[in-house]
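*Asks:* Can you read through this structure? Questions will come right after.
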């Protein structure tokens, strides 16, 4: 049986994966990531259109738990160009969607351990906008230097292993 290719099948396969919109690469440098959580976002139509064109700045964003809800602050989604008068406020706080037990767990850890909620990336998953939220601890300057030194040492070890493996194969 041969499966026919049509527009509907290709659209379904495209939406099945994850499409990255933006990532906060600086967050992994400035913070030690302890846990991650995938959350949905409550958005307006013009915000979704802007996200599809990747008109977003995630670098300064952070999340807070207020009244048993998670809110994402300082995420800048540029206004959609084709929207006339019914656009959106680019800097408005956006509600994140998570289960009650996940919110309670995050709240307990944030309050007890003085941690921060930082968005790591924005993406579309199955056609829905998602944010990867990290429970993180801020790093001091010397911690950042130590993390860089550790990462460089691991890279050097991997390079040497690759070279020695290649030398071993060349001798045969």
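*Asks:* Name the pairs whose Cβ atoms lie under 6 Å apart, with the first residue in region 33-59 and without any contact (Cβ under 8 Å) to a residue 60 or more places away in the chain, the second assigned to a helix (DSSP H, G or I) and surrounded by 13 or more Cβ atoms within 10 Å (Cβ to Cβ), and 6 or more positions between them or separate chains?
*Replies:* Final answer for the pair search is none.
*Asks:* Can I ask one more? Could you list, in sequence order, the residues of region 1-27 that are modelled with pLDDT under 85 and either in a helix (DSSP H, G or I) or within 26 Å of the chain's Cα centre (by Cα) (or both)?
*Replies:* Matches in region 1-27: 7, 8, 9, 10, 11, 12, 13, 14, 15, 16, 17.
Each row is one residue, and each column tells you yes or no for (1) assigned by TED's automatic domain parsing to the domain that holds residue 44; (2) out of contact with any strand residue (DSSP E or B) (no Cβ under 6 Å at 6 or more places or on another chain).
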| site | (1), (2) |
| --- | --- |
| 104 | yes, yes |
| 108 | yes, yes |
| 116 | yes, no |
| 123 | yes, no |
| 126 | yes, yes |
| 146 | no, yes |
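*Asks:* Read through the list (1) farther than 30 Å from residue 141 by Cβ; (2) surrounded by fewer than 17 Cβ atoms within 10 Å (Cβ to Cβ), then give the number of the only condition that residue 36 fails.
*Replies:* (1)
The values are calculated or read from the model by the stated rules, or taken from the named source; none is laboratory data. Since the structure is predicted, the reported quantities are computational estimates derived from the model, not experimental observations. Every residue, glycine among them, receives a Cβ derived from its backbone with ideal geometry; neighbour counts consider all protein chains shown.
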